[in-house]
Each structure stands twice: as C-alpha cells, then as structure tokens.
Amino acid sequence: MKKISTLLIVSLWAIGSLCAQQELGLHFMQELGQSKRVNPAVDHPYGIHVGLPSPGLSFFNSGFSLNDVFTKDGTTWSFNPTSTLPKLQRDRNDIRLSSNLESLSVGFNIGKFQINLFHNMNMDFGLMFPRALAEIAWHGNTFYLGDTVNVAPSLDLMGYHEFGGGVAFDLLDNLRVGANLKYLQGMISLNTRHSMLDFYTDPEYYALSVSSNIYFNSSGFAPDFYKESNEDVFPSSTGTTFLFNGNRGVALDLGAVLQVDEQLQVSFSALDIGAILWKSSVYSHRSMGAYTFGGADVNPFRSESEVDLSEVADSLGSGLELTASGEIYTTFLVPKFYLSTRYDIGNGMQAGGLIYTDIYKGRVNPAVGLSFRKRFGKILYLGTLVSLHARSKPNVGLNGSLNLGPVQLFFVSDNLPGVFSLSNGKNTNLRFGLNVVLRPKTAQEKAIEDMQKANIPVGALEEAPGNEEENLIPKFYNPWIKKAVKADLGGL
C-alpha cells in the first residue's frame with residue numbers, strides 16, 4: 001500500500017512540476033504562434049516565429065474543490081468531507097492533470113504556405129473513483145451493511161514526446177485549412193483496462209468480503225513496482241531510455257478557418273486524433289480473487305478503530321495478489337474539438353464565442369466560453385474569457401501578450417483566481433512563454449495583397465518607383481490579416 005501511495009504522490013508531483021489541456025483562451029490569441037496548438041489553420045502575422053520553452057498546466061476535478069472538504073475553525077484547518085460526499089456522482093468522479101512543455105517551435109512562410117515545426121513533452125494523469133470509495137474511506141465499511149459496492153479506482157498515467165510538423169494554406173478565397181502530423185514517442189504509461197473491487201460487509205457479524213477483477217497495463221515500470229520489497233520503481237529511467245525505445249505512435253490535428261466577411265470569422269479544429277503502441281518494458285497486471293476478513297469495523301479516519309489497518313491491507317494484498325506478464329498494448333490520446341467565432345468590432349476590439357469538448361474514457365466533457373480582447377497600439381494585447389465547464393462553476397480568465405521589438409511575452413489562464421487559490425476551484429490552467437518574432441510583412445507585400453483582394457493585376461505595380469529589382473509576387477501571402485492589422489504590423 002505504501003508503494004502505491006508513494007507512486008501516486010510522485011506522479012502528481014511530476015506533473016505539477018512540469019507546468020493541457022483545456023486551453024480555451026489560447027484559441028483567441030492568434031497573434032501567437034502557440035495558437036496553432038489549438039487550431040493548425042491559424043495564420044499568425046509574422047514571417048518567422050520562434051517559440052522558446054513554454055510550460056502549460058491544466059487541472060480538472062469533477063467532484064469537489066479542496067475548500068469543499070477542508071473546514072477552518074479560527075486558524076485550524078480540519079478535514080471533513082461529510083457534506084460533500086453525497087454530492088459526488090455514484091459511479092464516476094474524475095480528477096485530471098495535464099501538463100505540456102513546448103520546448104521549441106519554429107514557424108515560417110514559403111509562398112502561400114505557412115510551415116510549423118515543434119517538439120512537446122506531455123504528461124497526462126487521470127484518476128476515476130466511485131462515490132462508495134470515498135464514503136467507505138470516511139465512514140467505514142459499516143456504511144454499506146448488507147450491500148455489495150464497487151470501490152475500485154481507475155488510474156491512468158501517460159508521458160510522451162511529440163515531434164511534429166504542420167502546414168496551413170488557403171484552400172479557397174475565404175477558407176484556410178491546416179494540419180499537424182505528430183510522431184509520438186512514449187516514455188511511461190499506466191493504463192487501467194478493467195477495475196472492479198467489490199466490498200461486502202455482513203450485517204450480522206461485520207465480516208468483510210472482498211473480490212477483485214483488476215486488469216491494467218504498464219510501460220517503463222518494474223513488473224512488481226507496487227510491492228514493498230521492490231525499491232526500483234523505474235528500472236530504466238535514463239533520458240535515453242525514455243526517448244529511444246519501442247513505444248511509438250502517431251497523431252493528427254486538423255483545422256479550418258472560414259472568413260465569412262471582413263468582420264466575422266468561424267473556425268473549427270479537431271486535435272490529438274491518434275494513439276501510441278507500447279512495446280518496451282510492457283507488462284499486464286491482473287488480480288482475480290476473493291478474501292474474507294473476520295468481523296471488523298474498519299475506518300481509516302477514526303482513531304478508536306479496533307482494527308490494525310496495516311494488517312487488513314497486508315491480508316487483502318496476499319489474498320488479491322496481482323500477477324504480471326508481458327503484453328503489448330495501445331493507448332489513445334484524449335481527442336479535443338473546438339468550434340468558435342470571432343467578430344471584429346473595430347478600434348482594436350474583438351469579441352468571440354467558443355464551444356469545446358474532449359472525450360476521456362468514454363465521457364464527453366464540454367465547455368463554453370465568451371471572449372473579449374483589446375489591442376493597445378502595436379505593443380500590448382489584453383483579453384478576458386468567461387467560461388463554463390461541465391460540473392463546475394463559471395470561470396473568469398485573463399490573457400495577454402507584450403511585443404517588445406522581436407521579443408514577444410505572453411501568458412494565458414482560463415481561470416485566473418484558480419491559479420492563485422488552487423483550493424477554491426475545480427479546474428484551472430496556465431501557460432506562459434517567450435517568442436522571437438521576425439520578418440513582418442513589408443509595405444510592398446501588403447500593398448500587393450490588397451491589390452490581389454481587389455483583383456487588380458500585380459503587373460500594375462511594375463512601373464512603380466523602386467520596384468525594378470523586386471519580385472512583385474509576395475513571398476508571404478496571408479490573406480486573413482485584415483487591413484487594420486496591416487496598418488500596424490501585428491494587430492488582432
């Protein structure tokens with residue numbers, strides 16, 4: 001039991017230290033090359049874009065916030081989830097952590113095509129648990145006298161590299177499309193395939209009967225990493241092992257941007273459609289057994305409990321022992337879908353709306369958001385986002401970017417209060433970073449684009465002064481940069 005608890009703590013710490021994946025505000029920050037993460041068809045307004053390391057973290061808890069289960073009396077905090085437990089869903093409650101470290105990205109233009117190359121390191125953690133697990137942990141096994149309940153949690157952990165390339169171009173006069181193709185290199189994985197741990201407490205003698213049907217896969221871990229006798233959880237934890245192994249996969253991002261008129265834009269994207277085949281240091285772990293513990297009232301949180309919890313854990317561990325064998329397996333990424341609109345109000349202001357969903361372990365997790373952004377000259381962009389996630393309260397986010405010559409600083413959070421008070425929210429995310437942006441369009445290139453939009457032949461400029469030695473065909477043709485943007489090189 002200590003080994004499993006330690007593994008959970010290490011997993012959570014590793015994900016948090018990387019600093020996912022519901023990034024809604026980033027979808028409206030099209031002045032950033034990072035916006036291609038959420039729609040590969042987006043056209044950023046620079047000829048060359050270099051993204052330096054950019055960390056991002058997302059957290060989601062469908063069941064409760066920390067303030068729901070901790071109460072404060074003066075200066076003393078105490079753990080008391082009594083009022084929260086009935087609000088949990090009976091069969092499934094989700095806790096999800098997703099982190100992403102974009103180590104490097106490069107974007108540039110070749111003719112009408114915008115090319116994007118990148119590397120990311122991702123870590124996704126998911127824990128699903130039934131309400132009965134929390135109720136028995138708090139109230140004890142006598143809470144369900146005479147009833148059989150499943151208390152088994154389901155744990156998933158996946159760490160992997162992404163090496164990708166993308167292209168965006170104009171399919172029609174008002175339709176831009178894009179795609180990212182990503183090669184995936186798996187590092188570590190825990191994947192629960194089936195999780196059943198039935199508890200039954202006899203109403204007369206309190207005899208505790210437990211039966212199990214547990215099946216999960218692992219890669220990168222020792223075959224018996226959960227046993228107390230094994231101190232080597234990661235037998236091959238060197239960087240080269242994590243990068244050069246047989247765990248390989250592929251994924252695809254697709255996007256489209258439709259310019260309805262000069263002010264209204266509609267976009268759609270489908271991300272992370274792919275999977276990883278795990279072949280290195282792979283094991284399948286199974287437990288199918290039953291065990292009965294003598295009459296006892298077991299309660300981990302009650303100090304006067306007459307039962308030695310370590311004795312119960314050891315007895316259950318021996319009766320429901322996991323066995324490991326080698327087995328190749330496949331895991332799928334969490335697919336994500338965005339549908340949004342943007343409306344150019346004028347005077348550097350822009351409003352937008354978004355519908356988002358992802359599909360995790362068969363559950364659809366939707367969210368909606370409303371965005372408002374304002375450009376202040378050529379330097380500063382600020383925006384706010386009000387969003388609502390499933391099984392959560394409304395969130396207020398803030399985002400912005402600062403352009404200092406070729407240096408571009410940015411940050412984005414969909415729930416800014418949650419960043420500063422993690423105990424008060426069910427979900428939050430944060431991303432920040434630094435870019436180097438070069439080669440904005442020349443005045444001549446922008447003039448040619450305007451002429452092309454107006455169906456004026458490019459040859460009409462051949463007699464213009466200073467153009468004798470210039471190639472009048474624009475090198476970086478990006479028709480979705482509006483005239484107001486062209487006037488100040490880099491607006492919304």
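The values are calculated or read from the model by the stated rules, or taken from the named source; none is laboratory data. It should be emphasised that the depicted structure is a prediction, and the values quoted were computed from it without experimental measurement. Quick reminder, even Gly has a Cβ in these numbers, built from the backbone with ideal geometry, and neighbours come from all protein chains shown. Areas reflect the complete protein model, heavy atoms only, side chains present, ligands, DNA and RNA absent. Shrake-Rupley method; radii C 1.70, N 1.55, O 1.52, S 1.80 Å.
Here are a few things to note about the model shown:
- Filtered residues of segment 38-48 (kept if under 17 Å from residue 253 (Cβ atoms) and either among the hydroxyl-bearing types (Ser, Thr, Tyr) or modelled with pLDDT under 90 (or both)): 43, 44
- Looking only at segment 162-174, and only at residues there that are in a strand (DSSP E or B) and open to solvent by 20 Å² or more (accessible area, probe 1.4 Å), the one that is nearest to residue 202 (Cα to Cα): 163
- For residue 198, the requirement of being of a type outside the set (Gly, Ala, Ser) and in contact with a Ser or Thr (Cβ under 6 Å, 6 or more places away or on another chain) is met.
- Residue check for residue 435: within 20 Å of residue 352 (Cα to Cα), modelled with pLDDT of 65 or more, open to solvent by less than 20 Å² (accessible area, probe 1.4 Å) and not hydroxyl-bearing (Ser, Thr, Tyr): no
- Filtering segment 108-156 to residues that are outside any loop (DSSP other than H, G, I, E, B), more than 30 Å from residue 34 (Cα to Cα) and small (Gly, Ala, Ser) leaves 132, 134, 137, 154.
- Tallying residues that are open to solvent by 70 Å² or more (accessible area, probe 1.4 Å) and not in a strand (DSSP E or B) within segment 335-365 yields 3.
- Each residue in segment 266-298 was checked for being farther than 30 Å from residue 341 by Cβ and in a strand (DSSP E or B), and 16 pass.
- Selection of segment 102-117 for residues being under 24 Å from the mean Cα position of the chain (by Cα) and open to solvent by less than 30 Å² (accessible area, probe 1.4 Å) yields 102, 105, 107, 116.
- Residue check for residue 269: surrounded by 20 or more Cβ atoms within 10 Å (Cβ to Cβ), in contact with a Gly (Cβ under 6 Å, 6 or more places away or on another chain) and modelled with pLDDT of 80 or more: yes
- Evaluating residue 94 against the criteria (1) touching a strand residue (DSSP E or B) at 6+ places or on another chain (Cβ under 7 Å); (2) modelled with pLDDT of 85 or more leaves one unmet condition, (2).
- A single entry from 384, 428 fulfils the requirement of being open to solvent by less than 60 Å² (accessible area, probe 1.4 Å) and modelled with pLDDT under 90: 428.
- As a summary of the residue check, residue 68 satisfies the conditions (1) at pLDDT 85 or above; (2) acidic (Asp, Glu); (3) not in a strand (DSSP E or B) except for the one numbered (1).
- Qualifying residue in segment 133-151 (condition: within 30 Å of residue 101 (Cβ to Cβ) and either among the hydroxyl-bearing types (Ser, Thr, Tyr) or buried (at least 19 other Cβ atoms within 10 Å of the Cβ) (or both)): no
- Taking segment 176-196 as the range and being open to solvent by less than 40 Å² (accessible area, probe 1.4 Å) and not polar (S, T, N, Q) as the test, the residues that pass are 176, 177, 178, 179, 182, 184, 186, 187, 188, 190.
- In segment 46-60, the residues that are within 12 Å of residue 438 (Cβ to Cβ) and in a loop (DSSP other than H, G, I, E, B): 46, 47
- Residue tally, condition open to solvent by 70 Å² or more (accessible area, probe 1.4 Å) and part of a strand (DSSP E or B), over segment 244-265: 3
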